[in-house]
Amino acid sequence: MSTVVRHEHAHHFESAEQEFSAAKMGMWLFLVTEILLFSGIFVAYTVFKNLYPEMWSEASKQLDWKLGAVNTVVLITSSFTMAMAVRAAQTNERGENKGKIVGLLAATILLAGAFLVVKYFEYSHKLHVGTLPGEHYFFPGIQAANAHIFFGIYFLATGLHGIHVVIGMSILFWVLLRARKGHFYNQYYTPVELGGLYWHLVDLIWIYLFPLLYLV
Amino acid sequence: MSASNSDTHAHAHGGNYFEAARGLKSWLITLDHKRIGVMYLFWVIAAFLFGGLLALGVRLELWAPGETIMSADTYNRFFTLHGLVMVFLFIIPGIPAALGNFVLPLQLGAKDVAFPRLNLLSFYIYVVGTCMALYSTIAGGVDTGWTFYTPYSATTGGSVVMMTLSAFILGFSSILTGLNFIVTVHKMRAPGMSWYRMPLLIWALYATSIIQVMATPVLGITLLLLAMERALGIGIFDPALGGDPVLFQHFFWFYSHPAVYIMILPGMGVVSELIATFSRKRIFGYRSIAFSSLAIAIISFLVWGHHMFVSGQSVYAGMIFSFLTFLVAIPSAIKVFNWTATLYQGSISMQTPMIWAFSFLILFTIGGLTGLFLGTLGTDVHLHDTYFVVAHFHYVMMGGTVMAFFGGVHYWWPKIFGRMYNEALAKISAVLVFVGFNVTFFTQFVLGTRGMPRRYYNYLPEFETLHKVSTMGVLIIGLGVTIMVLYLAKSLLSGEKAVANPWGAKTLEWTHAASPPVLHNFDETPVVEEPPYHYPAPGEESRPTKVPA
Ligand SMILES: [Cu+2]
């Protein structure tokens with residue numbers, strides 16, 4: 001008795017292996033474009049950190065590194081649950097791992113949600129005290145000029161990252177729905193694997209953003 | 001992703017890809033790379049005609065000094081929109097997304113690109129981007145020039161944010177197409193189609209795709225920063241707010257210099273096909289042409305600073321960028337020499353696509369060599385921001401890419417639509433465009449060396465004659481293009497039916513697929529047994545080239 005839905009490869013591929021390796025390569029290329037997108041922000045970060053070093057360290061101290069650290073732990077844990085979900089799908093033979101896949105995906109999504117909640121508190125604090133980008137900046141506590149640029153880059157980097165978290169959650173939710181229908185087993189787990197790759201990238205970007213913004 | 005039933009069903013009819021399914025809806029939701037290519041083709045030709053009308057407006061305004069037909073503000077919007085439409089809506093998607101989409105899987109012997117849904121998505125993203133660009137012209141227009149230089153672009157009126165977001169969106173379309181092509185080339189080649197058996201168009205599209213994937217995200221973040229600069233005043237590019245306007249130029253050209261190779265490399269690929277086919281000869285230096293495409297793709301990332309010789313970057317940076325710019329000319333020259341060597345002792349047939357290929361060879365060579373004038377620090381200081389730059393750019397982009405695009409359109413037209421066009425009219429049109437082009441832009445080299453600045457609305461009386469000549473050239477181009485539109489439209493309606501291989505070409509789309517091809521391209525997957533362009537070698541005359549009747 002089989003409880004998995006057997007996968008048929010799309011008509012324009014010769015085999016399921018060809019389909020899988022094409023999908024995986026496409027995902028890797030997509031991840032490269034994501035890294036390049038963020039690299040523009042890292043360049044801007046480097047330029048202005050060198051242009052206004054005192055302002056930079058003063059402004060950076062306004063960020064709460066404890067909240068940043070909590071979020072880092074949350075995301076690393078979510079990467080771990082994600083990797084476990086992929087493993088569960090790869091070793092799923094007749095549907096015996098279905099509950100495990102669904103549970104681990106749900107855990108990953110919940111951790112992503114926890115990250116956003118922490119981010120929400122950080123953002124609302126900044127809205128309140130006025131450490132905001134550009135012309136909306138009104139925080140009186142920083143002596144050095146041009147602190148609005150730091151917060152412009154802060155909001156752009158974390159905002160863009162936050163959007164990626166939301167997109168990642170949506171993708172993983174779609175994967176979860178399919179996992180519940182029993183679509184993934186050791187012969188076919190492409191969406192779990194690719195969703196996982198995407199999620200690891202989202203984590204990785206945060207692992208760079210955290211020290212650069214909060215600790216420097 | 002499972003095989004859709006409607007596809008299998010349609011295939012059973014055995015008709016060509018037009019007959020496989022009917023009705024508007026079958027086009028709007030098609031996953032067939034050929035149909036997506038055709039939709040792109042009509043869209044980019046429409047963009048070309050629109051951009052051309054804008055150019056006509058600019059040139060008519062410059063017929064005489066002072067106000068001729070429009071105000072200075074309108075003029076600024078015209079040339080900005082001309083640049084944006086031609087670059088982002090026509091040239092960048094022109095060859096890869098329209099012709100490439102159609103030809104690439106066929107030349108590889110594949111049934112489709114690797115990700116057909118992504119392909120359709122990239123088309124719709126392109127449509128959305130186009131609509132946003134059009135909307136921003138109605139809602140205030142943009143007068144920054146296509147380069148969006150800060151701080152002007154952060155402070156001027158008009159709908160700059162909408163236009164930058166449009167270019168941002170169009171960038172995604174370009175990234176997805178590039179990504180799709182790279183994976184297709186790696187994973188979808190027919191049995192026997194090794195890397196060195198791939199037609200040179202594939203190599204060129206592959207190199208282009210690498211640039212699209214690697215450079216476009218940087219444009220994306222640049223435009224996002226610019227949009228934030230305008231919306232929130234974040235101050236990154238505005239010196240009044242502590243920002244650095246030259247940083248914008250670095251960001252912009254880090255994308256936009258490689259982007260000129262996104263625009264020219266596919267043209268080089270098309271010309272390689274045309275020259276091999278219409279010389280009936282194996283292409284000379286196959287590998288060096290193939291690898292020069294990759295060399296261009298790599299070096300193109302290292303030369304962006306040659307746009308900023310007078311922008312206040314350091315002298316040493318200028319020298320290095322100047323050197324690297326000379327370096328990137330080498331692979332382009334390698335291609336030109338190899339094409340010329342292919343022509344040597346070939347049995348050249350001057351059919352319409354070949355006339356376009358010759359136009360390309362002549363004009364691109366002039367465009368490339370004048371690029372070296374501009375890459376040289378000393379002369380660039382003199383020529384910077386003059387009509388010389390405008391002329392150089394148009395010799396490369398229009399003289400190069402547009403000629404190759406039209407050569408490609410005329411070459412693959414019988415394959416795409418299954419119909420021939422009026423050869424005599426086509427030749428007249430090609431010659432008119434070539435002549436008109438030189439009248440328009442050669443004068444601009446002269447104007448530039450005499451000190452006429454680009455983008456100016458008004459000019460000194462001594463430039464009037466040359467400006468008038470240049471404007472007359474545009475009218476000649478316009479005549480040529482009008483004739484082309486008419487005979488191509490006639491061909492669609494009542495053209496003579498095309499045979500499978502009217503040119504006696506050697507690549508798979510001609511030798512193994514019908515005109516137009518069936519839904520899944522080939523009746524059975526082709527098996528490749530010889531290198532591309534395998535015409536008899538000189539002295540091997542006993543083996544005649546088969547030219548189907
Ligand atoms: Cu350049």
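The values are calculated or read from the model by the stated rules, or taken from the named source; none is laboratory data. The shown structure was predicted, so the numbers you read here are calculated from the model rather than taken from an experiment. Glycine also receives a Cβ, built like all others from the backbone with ideal geometry; neighbour counts cover every protein chain displayed.
Numbers below:
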| item | result |
| --- | --- |
| Flag if B:Val270 is at pLDDT 95 or above, of a type outside the set (Asp, Glu) and either in contact with a Leu (Cβ under 7 Å, 6 or more places away or on another chain) or surrounded by fewer than 22 Cβ atoms within 10 Å (Cβ to Cβ) (or both) | yes |
| B:Arg287 outside any helix (DSSP H, G or I), more than 8 Å from chain A (Cβ to nearest Cβ) and among the charged types (D, E, K, R) | no |
| Residue within the stretch B:66-84 that is hydrophobic (A, V, I, L, M, F, W, C), surrounded by fewer than 21 Cβ atoms within 10 Å (Cβ to Cβ) and in contact (Cβ under 8 Å) with a residue 24 or more places away in the chain present | yes |
| Helices (runs of 4 or more DSSP H) completely within the stretch A:1-90 that count 3 or more residues being at the interface with chain B (Cβ under 10 Å from one of its Cβ atoms) and more than 24 Å from the chain's Cα centre (by Cα) | A:16-51 |
| Test: residue in the stretch B:240-252 that is surrounded by fewer than 23 Cβ atoms within 10 Å (Cβ to Cβ), away from the ligand (no atom under 16 Å from the Cβ) and part of a loop (DSSP other than H, G, I, E, B) | yes |
| Residue match in the stretch A:122-145 (condition: modelled with pLDDT of 90 or more and touching a helix residue (DSSP H, G or I) at 6+ places or on another chain (Cβ under 7 Å)) | yes |
| Residue among B:Glu61, B:Glu19 that is of a type in the set (Asp, Glu) and at pLDDT below 95 | B:Glu19 |
| In the stretch A:136-151, the residues that are facing chain B (nearest Cβ under 8 Å) and loosely packed, with under 14 Cβ neighbours inside 10 Å | A:Ala145 |
| Top-ranked residue in the stretch B:279-301 [being farther than 15 Å from B:Leu201 by Cα and touching a residue at least 24 places away in the same chain (Cβ under 8 Å); ranked as farthest from the ligand (Cβ to nearest atom)] | B:Arg280 |
| Inter-residue pairs, beta-carbon under 7 Å, first within 27 Å of B:Phe434 (Cβ to Cβ) and in the stretch B:454-475, second exposed (fewer than 15 other Cβ atoms within 10 Å of the Cβ) and of a type in the set (D, E, K, R), 6+ apart | B:Arg454/B:Asp385 |
| Residues (facing chain A (nearest Cβ under 8 Å) and part of a loop (DSSP other than H, G, I, E, B)) located in the stretch B:218-239 | B:Gly233, B:Ile234, B:Gly235, B:Ile236 |
| Residue satisfying condition, being out of contact with any Leu (no Cβ under 9 Å at 6 or more places or on another chain), more than 21 Å from B:Phe148 (Cα to Cα) and away from every other protein chain (no Cβ under 12 Å), within set B:Leu265, B:Leu205, B:Leu200 | B:Leu200 |
| Elements of type helices (runs of 4 or more DSSP H) in the stretch B:380-451, at least 3 residues being touching a residue at least 24 places away in the same chain (Cβ under 8 Å) and β-branched (Val, Ile, Thr) | B:387-396, B:423-449 |
| Failed item in (1) outside any helix (DSSP H, G or I); (2) over 22 Å from the mean Cα position of the chain (by Cα); (3) touching a residue at least 40 places away in the same chain (Cβ under 8 Å), with B:Thr137 passing the rest | (1) |
| Candidates A:Tyr154, A:Tyr123, A:Tyr185, A:Tyr189 - the one that is hydroxyl-bearing (Ser, Thr, Tyr), closer than 30 Å to A:Glu54 by Cβ and surrounded by 21 or more Cβ atoms within 10 Å (Cβ to Cβ) | A:Tyr154 |
| Positions within the stretch B:314-335 being away from the ligand (no atom under 14 Å from the Cβ) and either within 30 Å of B:Ala276 (Cα to Cα) or within 14 Å of chain A (Cβ to nearest Cβ) (or both), in sequence order | B:Ile330, B:Pro331, B:Ala333, B:Ile334, B:Lys335 |
| Residue in the stretch B:142-157 that is modelled with pLDDT under 95, within 14 Å of another protein chain (Cβ to nearest Cβ) and buried (at least 22 other Cβ atoms within 10 Å of the Cβ) present | yes |
| Residue count for the stretch A:157-182, restricted to those that are assigned to a helix (DSSP H, G or I), over 30 Å from A:Phe48 (Cβ atoms) and touching a residue at least 60 places away in the same chain (Cβ under 8 Å) | 7 |
